[in-house]
Structure formats: C-alpha cells, structure tokens
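Please treat every number below as a calculation from the coordinates, not as lab data. Not measured: the values here are computed from a predicted model. Reconstructed Cβ throughout: ideal geometry from the backbone, glycine too, with neighbour counts over all protein chains shown.
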Amino acid sequence: MSTPYNIQQAAVIGAGTMGRGIVISLARAGLSVLWLDSDPCATDAGLAMLAQTWAQQVAKGRIDQVTADACLARVRRATAYADIAEADLVIEAVYESLTLKQDIFRTLDSTLKAQAILASNTSALDIDAIAAVTRRPEQVLGMHFFSPAHVMKLLEVVRGERTSPAVIEAAQALGQRMGKEVVVAGNCPGFIGNRMLVTYVAEARKLLLEGATPRQVDEVLQAFGMAMGPFRMYDVIGIDLEWRARQLADKGTEAPLVQVDNALCAQGRFGQKSGQGYYRYAPGSREAEHDPQVDALVLKVARGLGMHRREIDDEEILERCLLALVNEGAKILEASVASCSADIDRVYLHGYGFPAAVGGPMRWADQQGLSQLLARLERLQGLFGEHWRPAGLLMRLVADGKQLADVREGRA
Ligand code: NAD
C-alpha cells in the first residue's frame, strides 16, 4: 500500500524533446512510466529514440544489456487519459502555451486519483495559473528540467503559492533519485535560471548594438570560463524559438534588442540546426565558425536603429554581463525566489555552464567585495540608466557588512 506521495508510477504527457529526456531519466531511476502524446507518431518516434539511446549506452559499455532491457520495459505507451488514472505523478511537457496546459491540467485533475501530483515542465509560465484550474492546487508544482533532460543535471522544482511542503519534498526526493541537482525556486517569470538569463542576454544584445561583435562577446565570456558565450548558446537552443513566440504573441517584435535576432531569422539563420545562425557550421558539424556576414548584419541593424557604435573593450563586456547576472540574482534572493545564494550558484553551475572554479555568480559577487560591487553597479547606473539600479538587498548587505551568502529566505 503506497502512501500518498510514494512515487512509483509516473506518467509523462508530451513526447517531444523534453518528454523524451524526462522519460529516460524516470525509467533509469527505476520508475514505471506511462507515456501519452496527442500525436501517436510522436510517441512512436520517442520510443524508438529511447531504444536507440540505451542501445548506444550498451555499445559504449556504460550499461549492460539487462539494464537497457529493464529500462525500456518500464516505459509503456498510453493512448488515453484513463490509462494513466492510477499514476502517482504526472509530468506535463507539451508546447509552451498556458491555455493548452490549463486544458490538460483540467483533464488530469478530473481523471487522476486524488493523491496524484501534477507537475509542469514549463520554462516560464505561471504555475499558479495552471494550478488554479484544478481542485488540488496544493498538489500542483513546476518540475523544470533542462535540455536534454537525461543529460543536464539541473532540476528546478517550482513552488506555487499553494503547493504543499510535502509535495515539494516528494518532488525533491524524486529529483534526487533521478540523479539531479535539485533547486527549489519560487514562481515568477523564468523562475531562477531563466529570469537571470534574460538580464544577461539583454546586456549581451545591447553590447552588440553599441559596438561589439557576437564573437567578441562570446570569447570574453568563454575566456572567463563559461561553457558557451550567449550567442553560441542561442545557436544551440535555436534563435527561432523566441522569434516565433514573439510573432505568435504579436508582442515585442519591435524591441531594438531583438532586431539582430529578427534579421538572422528572416534569413533562415536559426542556429546550428540550419547550419548558420550567429556563426556558420560546416555540414554535419557543431563547430561554430566566425562569419563576417553576421558582423556586417549587426552593423547594418545598429546603424538602422541610429546607434553610435564605439570600440568596446573586453573588460566592459565581462563587467556588464556578469553584473547584470548578479544584480538580478540579488533581486531573486531578496524576493525569496531562491532561498539562499548557494542555490542560485547551483542553478548556474549545473544548468548554464558557469565555471565551476569560480563557484557560481553569487559566490563571485561575494568574492568581489559587496561594497566595491555596489560602487560598480552605481557607476553603470550613472552611465547607462535606471535598469542598473542596484538591488535593495545589496545596499542593505553593504550597510550591515554582510554577504550574499548570509541571506536566508530574503533576510540576512
Ligand atoms: P516539443 O515541441 O519538442 O514537444 C511537445 C510535444 O507535445 C509534441 O510531441 C506534441 O505532439 C505534444 N503535444 C502537443 N499538444 C498535446 C496535447 N494536447 N496532449 C498531448 N501531447 C501534446 O516541445 P519541448 O521542447 O519538448 O517543450 C515542452 C515543454 O518543455 C514546453 O513547456 C517548454 O517550454 C518546456 N521546456 C523546453 C526546453 C527546451 O529546451 N526545449 C527546456 C525546458 C523546458
């Protein structure tokens, strides 16, 4: 007899990029998985990909055949919601649309047993708005995996306003069982990792318009130790994802900061998948090669926007990108979206390729000395405007002679 949150039987909705990695991670951790997609071809392709992944691991000597067979046997296709009615936990990984996810959660709520936990893998949607359509909001949460989900270590467990502590604990325990680095995050757009990434990428995009090139920005951040600079990262993720989302929502397409991305996508330069993006790629290669045509395109876009370009040195690039990350991190800490600075560091180390030797953006900030860091932010605020206003928490920590590492649940 299982307790309400003894998770043995899982179900995954969606057999796309994320669903596949999540199913592999669950089955590898010993759970039985039922897999449902509205498109039966997607589940077929997903099952074939699973078999291929485990066969490759056997061929490389990473697992034996018995283990591979057992993993595959744990995954079964579901064809209707009734098939998953007895699942202990469902992870939804369908398209990023609030209305679609709400429809699915309504159906899950009316079909699944009362104790079942309902999780969404949304990257940025409001967990409370998803929970609100169910009669069990205390059993609804975010489980935000990173792509590819069977490879990336990070799992953000997103706490909705009404998610119960026992449900958070069950999700944390499951994440650990799956071998993940689990970080609990509050519910806000982008949670911890993507919320910080937005400010970092915005700064990188501003630097392009002001005079830098994609290669220069990437090389500076890679020399600092980032696994990938922001523009190489966009080539990997696909520049077109945000571009399409902006078009679909008919929102943000005119913003100056996305004009380079818009121009690249208009030329079909979506990133690695189309052989060219911010860089160009030889057929079948993932090696990013500098493309002078992109520098020319950046120049053209910047001129079209009336920007006065200038030489930007490497020091300024590093300063602005890292301080943008840290200032947003401090706001996240202040709002208790992350309960401590070490959690933010774990997100960046395990989900975003931040250099392990530096220990994470917040540890880096403490190492700089917070009063010095505050002065640097104030200098940028004077030069570039209000978006550089330092987080109130930083000012209070400096006044009290404390560090970011001293903060717990928004207080030091
Ligand atoms: P995807 O497009 O690869 O796959 C989505 C799948 O959902 C498709 O197979 C589709 O057939 C299925 N689907 C659509 N409507 C359905 C329905 N009503 N019922 C059942 N299945 C349905 O998408 P993805 O990249 O795997 O993203 C899924 C979710 O994960 C999104 O919310 C996304 O924001 C989030 N996410 C994506 C990434 C990423 O890098 N791709 C990273 C983290 C989180």
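Assorted remarks:
- Sparsely packed loop sites in region 208-269 (the trypsin sites (Lys or Arg not before Pro) outside DSSP H, G, I, E and B with at most 15 other Cβ atoms within 10 Å) comprise 251.
- Cleavage-rule hits (GluC sites (Glu not before Pro)) in region 265-339: DSSP loop, at most 15 neighbouring Cβ within 10 angstrom: 287, 311
- Residue exposure sequence - 134, 99 - by fewest surrounding Cβ within 10 Å: 99, 134
- Residue (of 216, 38, 390) at the positive-pole extreme of the chain, dipole from beta-carbon charges: 38
- Start at zero, step by 10 Å, and the Cα-Cα distances of region 1-90 spread as 18, 49, 27, 6 percent across the bins.
- Among 266, 225, 296 - extreme Cα towards positive end, dipole of region 212-304, charges at beta-carbon: 266
- Scanning residues 5 or more positions from residue 270 or on other chains, those with amide H under 5 Å from its amide H are 276, with H placed 1.01 Å from N in the peptide plane.
- Region 152-251 - Rg (one decimal) and Dmax (whole number), Cα, Å: 17.1, 51
- Gyration tensor over alpha-carbon atoms, region 9-186, equivalent ellipsoid semi-axes in Å: 26, 18, 14
- Distance cut-off 15 Å, percentage of C-alpha pairs in region 255-331 lying past it: 67 percent
- Restricting region 293-354 to trypsin sites (Lys or Arg not before Pro) that sit in a DSSP loop and have at most 13 other Cβ atoms within 10 Å of their own Cβ leaves 310.
- Helices assigned as whole DSSP H runs in the chain whose Cα atoms extend at least 24 Å along their own long axis and whose mean Kyte-Doolittle hydropathy is 0.0 or higher are found at 40-59, 193-210, 314-334.
- Distance from the Cα centroid of region 21-55 to that of region 68-123 is 13 Å (rounded to whole angstrom).
- Fraction in percent of alpha-carbon pairs per bin - 20 Å, the chain: 25, 55, 20, 0
- Treating each Cα of region 288-412 as one equal point scatterer and applying the Debye formula with no solvent, the log10 of I(q)/I(0) at q = 0.11, 0.20 Å⁻¹ comes out as -0.47, -1.09.
- Within a straight-line Cα-Cα reach of under 19 Å, residue 402 can be paired with the following aspartates and glutamates, leaving aside sequence neighbours fewer than 8 residues apart in one chain: 328, 334, 343, 345, 366, 378.
- Largest GNM mean-square fluctuation across 100, 383, 374, computed for the chain with C-alpha springs under 10 Å, falls on 383.
- Between residue 158 and 142, 143, 144, 185, the built amide H atoms are under 5 Å apart, and every one of these is 5 or more places off in sequence or on another chain.
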